[in-house]
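See structure below.
The values are calculated or read from the model by the stated rules, or taken from the named source; none is laboratory data. From a predicted model like this one, the values you see are computed outputs, not experimental measurements. Using ideal geometry, Cβ is built from the backbone for each residue, glycine included, and neighbour counts are taken over all protein chains shown.
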Amino acid sequence: MSTTAEPTLLDGRAFAKRVKEDFAPRVEALRAAGRTPRLVAVRVGEDPATSAYLRGQRRGAERWGIDYEIRTLDPASNEAAIRKAIKELNRNPDVTGILLALPLPEGIGARALQHEIDPAKDVEGVHPENLGGCFYGRYDLLPCTALAAVGLVKSSGIEVQGKEAVVVGHSEIVGKPAAMLLLGEDATVTVCHKFTADLAAHTRRADILVVAVGLPGLIKGDMVKDGAVVIDVGINAVKDENGDTKIVGDVAFDEVAPKASAITPVPGGVGPVTVAALMRNTVLACEGMPPLDDPNQLPLFNQ
Ligand code: NAP
């Protein structure tokens, strides 16, 4: 069934640790200069899934030496109250990074509020100015998960130039920016989504397959070509045979891994790298952004 021996497991935890070590001198330098990176996560109410996600960020920030604060707004906050909180943080010179944790209460749109974040402090890379960076090949405050997915490939020494890359999922924060980053690295990129007529016909052509949908087992063994690099961004909570909850990706790992040359596990793949990407962005934001027309390209990570 397979022409590939053992696939390389792209270990996101080990990679995230290396990124942290690479950046440690820069965090040290900032702290020594009295400019400690300080990231504030704004949340509305106490959604349990968000709490788990923010706990992961807090642990990451502690490991990096970045100050981290969760600012919890009243669950009854309206859009104006959230906007006011963001504006205060924009003005506060001690706050160098801001993120708005989702979901927001029903009826409040995230996009307009994310656009309220000062782009120089937008460490999740969700402001249009930073999303636009993907188009210009400006690798500063990139959307974290797209940066994690493509950065993990590049930093693992996998050739991207000239390869067929297929991205499944076209959300604004993952699929679309991941596609632009792959294009920026000179891959030939196809983007698939819910209305793609024959998904497998595309995924089977992929040298590099990035899947960010949120459907467990969407990508089966017969949808992947031998030797493909498979990056599974999906995070899905499912019940196992004992009724216990476990986390799986969008890729049927046991079927796909024997065919892949390299693959990310879930958990332990893109997830930890996304936290590292957030911290990388927080360090960059604290250091100060290069001018918009700076011709010097920043690396995705420190590679
Ligand atoms: P999203 O906004 O829900 O986007 C999902 C995308 O998948 C949409 O573009 C959707 O298309 C597409 N899609 C839906 N059904 C499909 C199908 N049958 N075939 C092909 N495409 C299909 O989700 P997201 O924020 O991008 O996140 C995607 C997944 O990544 C989720 O599991 C999420 O939990 C996970 N995630 C992981 C990390 C991490 O750090 N590892 C970070 C963020 C997100 P339409 O727009 O046409 O519906």
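Condition check: more than 10 Å from the ligand (Cβ to nearest atom) and among the basic types (K, R). Does K163 satisfy that?
On the way: more than 10 Å from the ligand (Cβ to nearest atom): yes; among the basic types (K, R): yes.
The answer is yes for K163.
Please verify whether A120 is surrounded by 15 or more Cβ atoms within 10 Å (Cβ to Cβ), in contact with a strand residue (DSSP E or B) (Cβ under 8 Å, 6 or more places away or on another chain), within 23 Å of V275 (Cβ to Cβ) and not β-branched (V, I, T), treating the condition exactly as stated. Lay out the reasoning, then the answer.
Values: surrounded by 15 or more Cβ atoms within 10 Å (Cβ to Cβ): yes; in contact with a strand residue (DSSP E or B) (Cβ under 8 Å, 6 or more places away or on another chain): no; within 23 Å of V275 (Cβ to Cβ): yes; not β-branched (V, I, T): yes.
Answer is no for this residue.
Please state which of the following conditions V44 fails to meet, knowing it meets all the rest: (1) more than 20 Å from the chain's Cα centre (by Cα); (2) of a type in the set (A, V, I, L, M); (3) closer than 19 Å to D118 by Cβ.
Unmet condition: (3).
Being in a loop (DSSP other than H, G, I, E, B) and in contact with a Gly (Cβ under 8 Å, 6 or more places away or on another chain) is the filter here, so list the residues in segment 139-170 that pass it.
So in segment 139-170, the residues in a loop (DSSP other than H, G, I, E, B) come out as 139-143, 156-163, 169-170.
Result: Y139, D140, L141, L142, P143, G169.
Mind listing whichever residues of segment 194-232 are among the small types (G, A, S) and under 24 Å from the mean Cα position of the chain (by Cα)?
First pass over segment 194-232, keeping only residues among the small types (G, A, S): 197, 200-201, 206, 212, 214, 217, 221, 227-228.
Those that are among the small types (G, A, S) and under 24 Å from the mean Cα position of the chain (by Cα): A206, A212, G214, G217, A228.
Out of L73, L89, L99, which single residue is touching a residue at least 60 places away in the same chain (Cβ under 8 Å) and either among the hydrophobic types (A, V, I, L, M, F, W, C) or surrounded by 16 or more Cβ atoms within 10 Å (Cβ to Cβ) (or both)?
Numbers: L73 fails: touching a residue at least 60 places away in the same chain (Cβ under 8 Å); L89 fails: touching a residue at least 60 places away in the same chain (Cβ under 8 Å).
Only one candidate passes the filter, namely L99.
Of all residues in segment 55-67, how many are closer than 22 Å to I173 by Cα and without any contact (Cβ under 8 Å) to a residue 60 or more places away in the chain?
Here is the first cut: in segment 55-67, the residues closer than 22 Å to I173 by Cα are 55-58, 60-61.
With without any contact (Cβ under 8 Å) to a residue 60 or more places away in the chain added as a condition, the list becomes 55, 58.
Looking only at that region, the number is 2.
Could you list, in sequence order, all residues of segment 248-285 that are surrounded by fewer than 21 Cβ atoms within 10 Å (Cβ to Cβ) and closer than 16 Å to T145 by Cα?
Correct list: P265, P267, G268.
So which of I235, I219, I208 ends up being near the ligand (Cβ under 9 Å from one of its atoms) and either within 22 Å of A146 (Cβ to Cβ) or at pLDDT 95 or above (or both)? Walk me through how you get there before you give the answer.
Details: I219 fails: near the ligand (Cβ under 9 Å from one of its atoms); I208 fails: near the ligand (Cβ under 9 Å from one of its atoms).
After ruling out the rest, the residue left standing is I235.
If I ask for residues that are surrounded by 23 or more Cβ atoms within 10 Å (Cβ to Cβ) and either part of a loop (DSSP other than H, G, I, E, B) or in contact (Cβ under 8 Å) with a residue 40 or more places away in the chain (or both), which ones from segment 181-212 would you list?
L181, A187, A206, I208, L209, V210, V211, A212
Would you point out which residue out of K259, K246 is among the charged types (D, E, K, R), modelled with pLDDT of 95 or more and in contact with an Asp or Glu (Cβ under 8 Å, 6 or more places away or on another chain)?
Just one listed residue meets the conditions, K259.
How many residues does segment 237-260 hold that are under 18 Å from T8 (Cα atoms), touching a residue at least 40 places away in the same chain (Cβ under 8 Å) and touching a strand residue (DSSP E or B) at 6+ places or on another chain (Cβ under 6 Å)? Give the steps one after another, and end with the answer.
Applying the first criterion (under 18 Å from T8 (Cα atoms)) to segment 237-260 yields 249, 251-260.
With the extra rule that they be touching a residue at least 40 places away in the same chain (Cβ under 8 Å), the set shrinks to 251, 257-260.
With the extra rule that they be touching a strand residue (DSSP E or B) at 6+ places or on another chain (Cβ under 6 Å), the set shrinks to 251, 257, 260.
The number of residues fulfilling the criteria is 3.
Give me the pairs, please: first residue somewhere in segment 221-236 and within 11 Å of T203 (Cα to Cα) and in a loop (DSSP other than H, G, I, E, B), second residue anywhere and hydroxyl-bearing (S, T, Y) and modelled with pLDDT of 95 or more, beta-carbon distance under 9 Å, and either six or more positions apart or on two chains.
Close Cβ pairs satisfying both conditions: V224/T203; K225/T203; A228/T203; A228/S261.
Could you count how many residues in segment 111-138 are out of contact with any Pro (no Cβ under 7 Å at 6 or more places or on another chain) and either more than 20 Å from K87 (Cα to Cα) or outside any loop (DSSP other than H, G, I, E, B) (or both)?
Residues that pass the stated criteria total 15.
For segment 213-247, enumerate the residues that are among the acidic types (D, E) and either closer than 13 Å to I263 by Cβ or surrounded by 12 or more Cβ atoms within 10 Å (Cβ to Cβ) (or both). Break it down stepwise before answering.
If we filter segment 213-247 for residues that are among the acidic types (D, E), which is where we start, we get 222, 226, 232, 240-241, 244.
Within segment 213-247, D222, D226, D232 meet the criteria.
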